[in-house]
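The values are calculated or read from the model by the stated rules, or taken from the named source; none is laboratory data. These figures come from a predicted structure and were not determined experimentally. Here Cβ is always computed from backbone atoms with ideal geometry, including for glycine, and neighbour counts include all displayed protein chains. Just so you know, the surface numbers come from the protein's heavy atoms only, side chains and all, with ligands and any DNA or RNA stripped out. Shrake-Rupley method; radii C 1.70, N 1.55, O 1.52, S 1.80 Å.
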Amino acid sequence: MRVLGIETSCDECACAVVEDGRRVLSNVVATQIHFHTPYSGVVPEIASRKHVEWIQAVAKKALERAGMESGDVDAVAVTGRPGLLGSLIVGLTFAKTFAWARGIPLIVVDHMKAHLYASQLVLGDSGPVEPVSYPFLGLLVSGGHTIICRADGFDDITVLGTTIDDAVGEAFDKVAKHYGFGYPGGAVIDRMARDGDPKAFRFPLPSLHKGDHRYDVSYSGLKNAVINQLERFRVKPAGPNEPADIAAAFQKTAVRILLRALFNAAEDSGLSTVVSGGGVAANSLLRKSLAEKPGLRAVFPPPELCGDNGAMIAGIGYRYLERGDRSPLDATASARVAGFKKKYP
Ligand code: KG4
Ligand code: ZN
């Protein structure tokens, strides 16, 4: 079964074709970065307008690259939540129209569960020979979410911990924005940090790991501590390498915060396989630190499938279709999903 996956929850206009939930036949991601760079962040209205302009061409390209015509698609999967509402509605409406016009099934899926599914995909020569088996611990790290969960199936996710304020990707983006390092911040800081000394600055770890918060994380304290260095940095940079040092010290602390909560969850749950997903799963320090942790097996999607893409949507969509699920043509989008974020009591 060949499923067309459509993803427009944020600033990537993405379509892909995946066969039987595993093999990626095409994966087209049209990024809007260029249009949001002047604002150092995603402007929701620009995002939805670009999706309206691009979605048909991106879907066409995905079919072309898979060597298919629209009549060859067996079903359509689309992101329905969470994300920017205006952007979600563009993809959802396109998917409904496509499915209705061709008389094929539609399935509306959750973006974060799809990120966790990305590690099951085979892209070219990369991807697991055998599907990763459940249960495992999931680490979902993106621009809007930070979730540590137990996964007992592709759709059977128990949230163990979340951020109580900013998401980890958001912290990367905001630090980069304040320092004028570039946009989007995650990839820029990751690159800059390679030339920096992570010990040049000491940034604080949040102290919330007692009682109910063993698996939660917090990034607003780190973000503010790093940004507070800025005034001093502007007046009297300690040396030419200071931007790289700040990037390296921030990144080291950001990864340490994640791993502390994740290792608590691994210890308490007895689960030793950790599957990551989301844009921040492309981070080189996170990948290296998890891969080197004794006693844990770390699974990451190939870097191209960490950020937003249509392949993860088509892939997880197939699993729902396989068990007989279908979404109605009046299915709607939602900006948030209950339980994916926590409020500090
Ligand atoms: O999953 P994603 O593409 O979109 C959302 O669902 O939010 O994640 C985007 C986030 C952004 O915050 C971006 O800065 C971050 O992923 N990111 C990274 C890296 N590449 C992207 N963060 C750290 N290191 C990276 N290499
Ligand atoms: Zn995402």
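Once the chain from ASP152 to ALA57 is taken as fully extended at 0.36 nm per residue, the excess over their C-alpha distance is 30.5 nm. Among 57-68, 303-314, the peptide with the highest mean count of other Cβ atoms within 10 Å heads the list, and the full ranking is 303-314, 57-68. Per residue, the solvent-accessible area of segment 65-220 (1.4 Å probe, heavy atoms of protein chains only, all protein chains present) comes to 40 Å².
Only aspartates and glutamates eight or more places from LYS61 in sequence, or on another chain, were considered; those with a Cα closer than 13 Å are GLU69. A 1.4 Å probe over all protein chains sorts ASP11, ASP197 by accessible area into ASP197, ASP11, starting with the largest. Computed packing ranks the peptides 44-51, 164-171, 294-301 as 164-171, 44-51, 294-301, most packed first, by mean other Cβ atoms within 10 Å.
Take every Cα pair under 8 Å whose residues are at least 6 apart in sequence, average their separation, divide by the length of the chain, and the relative contact order is 26 percent. With both residues required to sit in the chain, DSSP beta bridges show an antiparallel share near 60%. Sort out for me the Cα centre separation of segment 270-295 from segment 61-114, rounded to whole Å. Distance between centres, Cα-based: 30 Å.
Express in nm, to one decimal, how much length is gained between ARG260 and LEU230 on full extension, taking 0.36 nm for each residue of separation and deducting their alpha carbon distance.
Contour length minus Cα-Cα distance gives 8.1 nm.
Would you please classify the overall shape of the chain from the alpha carbon gyration tensor, given that a ≥ b ≥ c denote the square roots of the eigenvalues, rounded means a/c under 1.5, and beyond that prolate means a/b larger than b/c while oblate covers the rest? Prolate, because a/c is 1.5 or more and a/b exceeds b/c.
Each of the peptides 324-331, 273-280, 255-262 was scored by the mean count of other Cβ atoms within 10 Å over its residues; in descending order, highest first, they stand as 273-280, 255-262, 324-331. Taking segment 64-83 and a reference point 7 angstrom along Cα→Cβ of ALA331, the backbone N atoms nearer than 16 Å belong to 74-83. With both labels modelled 7 Å from their Cα along Cα-to-Cβ, the TYR39 to LYS199 distance reads 4.3 nm.
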